[in-house]
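Heads up, the thing below is written out as structure tokens.
The values are calculated or read from the model by the stated rules, or taken from the named source; none is laboratory data. What you are looking at is a predicted structure, and each value in this text was computed from that prediction instead of being measured. In this analysis, Cβ positions are derived from the backbone assuming ideal geometry, glycine residues included, and neighbour counts consider all displayed protein chains. Keep in mind that these areas ignore ligands, DNA and RNA; they rest on the heavy atoms of the full protein, side chains included. Shrake-Rupley method; radii C 1.70, N 1.55, O 1.52, S 1.80 Å.
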Amino acid sequence: MKEFGSFVKKEFRHIFRDKRTMLIVLIMPIVQIVLFGFAISTEINNARVDIVGDVQDPSVRRIMERIEHNDYLQVMKVYRSVEDIHARFKKGQADVAVCFERNFDERLHKQGMASVRVIGDGSDPNSAQMIVNYVVGVLNDEQNDISLKYVGENETAGMTPTIQYMYNPGVLSSYNFVPGVMGLILMLICSMMTAISIVKEKEFGTMELLLVSPVKPLWIIVSKAIPYLFLSSVNLLTILLLSRFVMDVPIRGSILLLCFVSLIFILASLSLGLLISVISSTQRTALLISGMGLTMPTMIFSGIIFPCESMPVLLQYFSDIIPAKWYIIMVKKIMIEGVGLGYIYNELLILSLMSFVLLAVSIRLFRKRL
């Protein structure tokens with residue numbers, strides 16, 4: 001037993017000597033629990049609602065006021081033509097549109113029936129269904145008040161809400177699942193595998209042999225990244241083929257634009273992997289940082305599962321530094337909504353800037369470690 005106790009003490013000493021491992025094992029779980037506890041929420045706050053109709057109409061104005069007083073909804077814009085809805089959704093300026101027919105109040109009270117159409121942005125089916133349910137709940141409350149008004153009278157009045165999901169009429173979850181999986185797979189392959197491959201050279205003592213070769217350190221790093229760039233391109237092609245011909249997810253936008261956006265994201269992921277390899281001394285540390293410190297936050301804060309808009313403001317700012325968030329937004333817009341470069345310009349600029357900064361910092365730190 002004395003020998004056994006000595007081995008246990010030795011293992012503890014090895015662990016305590018590695019400060020990075022101690023930080024990851026003891027501190028990171030606490031940080032993640034606090035972050036995820038506030039970030040994980042299925043509710044959607046301040047959903048953006050457009051009103052299409054005549055606000056001078058008493059019934060339309062009353063329903064709009066009900067929507068404004070709802071804690072989960074906010075009216076963004078009022079306009080008369082349904083043709084503007086498509087552009088508003090493409091620009092990401094609205095989540096749902098409530099369309100009232102002409103002379104809504106007159107038809108409701110004099111003819112006894114009026115129609116209202118609720119159009120949701122189906123590119124994110126989970127959020128769209130929840131927001132549409134919020135709006136329908138408001139319309140049902142209005143309908144109940146109208147019914148109470150005519151209790152005991154022969155007259156009746158009612159609304160006929162029609163629900164429609166733009167870009168995704170069948171509200172298929174694959175429309176939301178495929179872009180998220182694309183971001184996760186590319187992130188895992190590029191960042192984790194790149195980090196491990198470089199750390200492995202350092203751990204086995206072969207990095208010094210590479211550095212004394214005639215090849216410059218920068219080209220050594222590039223040679224390490226190129227195979228994973230190729231594998232990521234193959235995975236991207238495989239995912240697109242499966243999503244189109246197996247899961248029936250459309251690719252309405254430009255394939256070339258989609259590939260270009262994916263290339264920028266791959267470069268950002270490779271730069272993250274290089275950064276992890278620089279600050280890690282062992283493969284275990286690199287795996288822990290990539291797995292716990294990168295993969296899980298990407299799943300939570302990129303909008304794949306939980307909407308970023310429902311998170312506290314501080315966590316929304318934190319989600320802005322996740323490269324996968326901007327990539328997934330662009331993939332949804334290109335594949336599902338069929339937009340062009342003009343509608344994703346801001347997201348592409350942010351992701352490109354992230355790629356440049358990560359690559360520059362990684363190369364600089366790598367040279368300092370030589």
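The range 217-256 has equivalent-ellipsoid semi-axes of 31, 11, 4 Å, by the square roots of 5 times the alpha carbon gyration tensor eigenvalues, sorted largest first. For the range 330-345, putting each phi into the Karplus relation 6.51 cos²θ - 1.76 cosθ + 1.60 with θ = phi - 60° gives couplings of 5, 4, 4, 5, 6, 6, 8, 8, x, 7, x, 4, x, 8, 10, 4 Hz, in residue order, rounded to whole numbers and with x for Gly and Pro. Only one residue of Leu315, Gly5, Val52 has its Cα farthest out toward the positive end of the dipole of the chain, where Lys and Arg carry +1 and Asp and Glu -1 on Cβ, and that residue is Gly5. Taken per residue, the accessible surface of the chain reaches 53 Å², heavy atoms only and a 1.4 Å probe. Note that the range 262-275 has calculated 3J(HN,Hα) couplings of 5, 5, 4, 5, 4, 5, 5, 5, 4, 5, 5, x, 5, 5 Hz, one per residue in order, obtained from phi through the Karplus relation 6.51 cos²θ - 1.76 cosθ + 1.60 (θ = phi - 60°); glycine and proline are x.
The share of C-alpha pairs in the range 288-370 whose separation exceeds 16 Å stands at 62 percent. Modelled spin-label separation between Ser115 and Lys91, with each label point placed 7 Å from Cα along the Cα-to-Cβ direction: 2.8 nm. In the chain, helices alone account for a calculated mean residue ellipticity at 222 nm of -19000 deg cm²/dmol, with every DSSP H run of four or more residues adding -39,500 (n - 2.57). For the peptides 306-317, 97-108, residues were scored by their other Cβ atoms within 10 Å and the scores averaged per peptide; the highest-first order is 97-108, 306-317.
Applying the Karplus relation 6.51 cos²θ - 1.76 cosθ + 1.60 with θ = phi - 60° to the range 103-108 yields 3J(HN,Hα) values of 6, 4, 5, 5, 5, 5 Hz, where x marks Gly and Pro. DSSP finds beta bridges in the chain, and of those with both partners inside it, around 20 percent are antiparallel.
Basic side chains Lys and Arg get +1 at the Cβ, acidic Asp and Glu get -1 at the Cβ, and with that the dipole of the chain about its Cα centre reaches some 2300 debye. Highest mean packing comes first when the peptides 251-257, 293-299 are listed by Cβ atoms within 10 Å, giving 293-299, 251-257. Counting only aspartates and glutamates at least 8 places from Lys200 when in the same chain, those with an alpha carbon closer than 14 Å to its own are Glu208.
Per the Debye formula with a single identical scatterer at each Cα and no solvent contribution, what log10 I(q)/I(0) holds for the range 259-331 at q = 0.12, 0.21 Å⁻¹? Each listed q corresponds, in turn, to -0.37, -0.96. Of the accessible area of the range 242-330, with the probe set at 1.4 angstrom, what percent is carbon plus sulfur? Percent of accessible area from carbon and sulfur atoms in the range 242-330: 75. Of Lys91/Lys332; Lys202/Lys224; Lys90/Lys332; Lys224/Lys332, which ones are farther than 19 Å apart at the Cα? Table pairs above 19 Å Cα-Cα are Lys224/Lys332.
Springs between Cα atoms under 10 Å define the GNM used for the chain, and in it the highest mean-square fluctuation of Glu142, Glu83, Glu68 occurs at Glu83.
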